[in-house]
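The values are calculated or read from the model by the stated rules, or taken from the named source; none is laboratory data. Source: prediction; values computed, not measured. Glycine gets a Cβ as well: all are built from the backbone with ideal geometry, and neighbour counts include every protein chain shown. Heavy atoms of the whole protein, side chains included, go into the accessibility calculation; ligands, DNA and RNA do not. Shrake-Rupley method; radii C 1.70, N 1.55, O 1.52, S 1.80 Å.
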Amino acid sequence: MSSNTFFLIVPTFIFLYFLTTKFIRWKSGNAARLPPGPYPFPIMGNIFELGKNPHIALTSLSKTYGRLMTLKLAPSPLLYPQPNLPKKSFSNTTYPSLDTGRAANHHLFSILWLPVGDQWRRLRKISKEYLFSVQQLDAGQPLRREKIQELVDYVHECFTNRKPINIGLVAFTTTFNVLSNFIFSTDMARYDSHESQEFKDAVSSLVDVLGKPNLADFFPLLKPFDPQGLLREANVYIGKSIAILDGMVEQRLQATAKSSSHAVSSTNDVLDLLLDLSRKNESEFSRNDVVHLLFDLISAATDTTTSTLEWAMAELVRNPKKMAKTRSELEEFAGKDTMIIEESDIGKLPYLEAVVKETLRLHPPAPFLIPHKALCDVEIGGFVVPKDAQILCNVWAIGRDPTVWSNPHEFMPERFLDVDIDYKGRDFELIPFGSGRRICPGLPLAHRMLHLMLGSLIRKFDWELEGETRAEDMDMSERFGITLHKSVPLVAIPIEI
């Protein structure tokens, strides 16, 4: 197809699609009952309202149009920026498959994008039983302690050499090694090495691509053309990650074949267990299912844990009194001589827990969670959310709602000391990991890792920024994606106390 033909056909398709969807909505009678929203531009709707930071732009718009807002983006996403609405919105929804989610056919195998059904339930059950059950997590405590000790040893080495540390990168390395040892029985990353950088860069770039507004999602007729090139980018990034993981699976299969016995596991780790399941019933759980499940779990766990840990450290460096208060609690309850904290200590450290909660309130890993799609017409507050509408839950806005939180833009862990609010899906004022049947399956591991790493990083170390930058002047701007990272990575120098 020539470029001239392309530029003639595409606008025609868009125009016909626009007329068709408008007619269908008018005929259904639901248009008049949609929630209010900004007036849409012809054809393009409200796409220009999103800007570079949609979570901020839409928070501002909600002040004008209210708690339930319609954006004409064909099909219409609806924003839930207030805490008293999401509970009903999650009850009759599933995840839509974003166009970029089709990269490497990931949507056909992914626990993230599959609709609720037998395969989704099977993957959910496997992840719960073999990776994130209480028994599995408890059994993994010695491994996590070993990897946290390696982190502390590396920080001490950097202290000795007055070497600055990229906090996000060391958090990624630690979390990645915990998971890679749990699954593959080997380290897949090294501090001060580029061995893990390829996987990290691929995952980081992928979440940026997934977070970008995509014309192909709003105008499905454009999907074959991939007008912004986002699907092509996603294919590159997810392809690299899948290739790395598939290589690990292939190595294990070859090692097992050489042992000439499938009945005896060589390592008895998670990969062995998953491959055993695949051998027993490959039609229900194939090698592709294994690889894509591992990609979902590893990429989600490393990226969200890394971003949250970096934000928590940034907030504590900017607020030295909060840092000192957290450290004082660690000394009192975890002991003065220990360098790292134990998992059994977490429940005894309410201020450390409050710091994590406050970080998740201000800096939720996924500002819109994952876009949902309505399975049927739902009436909320006198308005109709129509079937197949995309739904965005703006948890970033919920965390900064002045009607719920006093001084919402300030970092105040103390606000959580006297209230019974957690982030495990039951309190809709704080749902950074989602809620209901689609809640993040890795939440129990993230809970443990965040407290272990944060507590151990500040237990015996203070931190200062490079050069002459004052902590209060630190750049706290955000880089929007499906995960919310710091625009400028936090690089700091450890100071032993």
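Tell me whether the range 392-490 comes out rounded, prolate or oblate; compute the Cα gyration tensor, take square roots of the eigenvalues as a ≥ b ≥ c, and use a/c under 1.5 as the rounded threshold. In terms of gyration-tensor shape, prolate.
Counting only protein chains, not ligands or nucleic acids, how are Ser193, Ser406, Ser180 ordered by accessible area (probe 1.4 Å), most first? Working shown, then result.
Values: Ser193 35, Ser406 75, Ser180 0 Å².
These residues rank, largest area first, as Ser406, Ser193, Ser180.
Can you bin the range 304-428 into rounded, prolate or oblate? Criterion: square roots of the alpha carbon gyration tensor eigenvalues sorted a ≥ b ≥ c, rounded for a/c under 1.5, prolate for a/b above b/c, oblate for the rest. It comes out prolate by the Cα gyration axes. For the chain, averaging the sequence separation of C-alpha pairs within contact (under 8 Å, six or more residues apart) and dividing by the residue count gives a relative contact order of 23 percent.
Checking the cross-link pairs Lys125/Lys348; Lys72/Lys212; Lys125/Lys280 against a 19 Å limit on the alpha carbon distance flags Lys125/Lys348 as lying beyond it. Dividing the summed -39500 (n - 2.57) terms of all DSSP H runs of n ≥ 4 by the residue count of the chain sets its mean residue ellipticity at 222 nm at -16000 deg cm²/dmol.
In this structure the chain gives 44 Å² per residue of accessible area when probed at 1.4 Å with all protein chains present.
Keeping the other protein chains in place, figure out the carbon and sulfur percent of the accessible area of the chain, with a 1.4 Å probe. Of the solvent-accessible surface of the chain, carbon and sulfur hold 55 percent.
When every alpha-carbon pair in the range 182-332 is counted, what percent end up more than 28 Å apart? Let's see the in-between values first.
On the way: 4895 of 11325 pairs.
When all Cα pairs of the range 182-332 are counted, 43 percent exceed 28 Å.
Summing Lys and Arg as +1 and Asp and Glu as -1 over all other residues whose Cβ lies under 14 Å from the Cβ of His156 gives a net charge of -2. Taking other residues whose beta carbon is less than 13 angstrom from the beta carbon of Ile242, and scoring Lys, Arg as +1 and Asp, Glu as -1, yields -3.
For the chain, the longest principal axis of the C-alpha atoms and the axis of helix 167-184 are separated by about 90°. Starting from a Cα-only point model with no solvent, please compute log10 I(q)/I(0) by Debye for the range 297-361 at q = 0.14, 0.17, 0.28 1/Å. The Cα Debye sum returns log10 ratios of -0.46, -0.66, -1.23.
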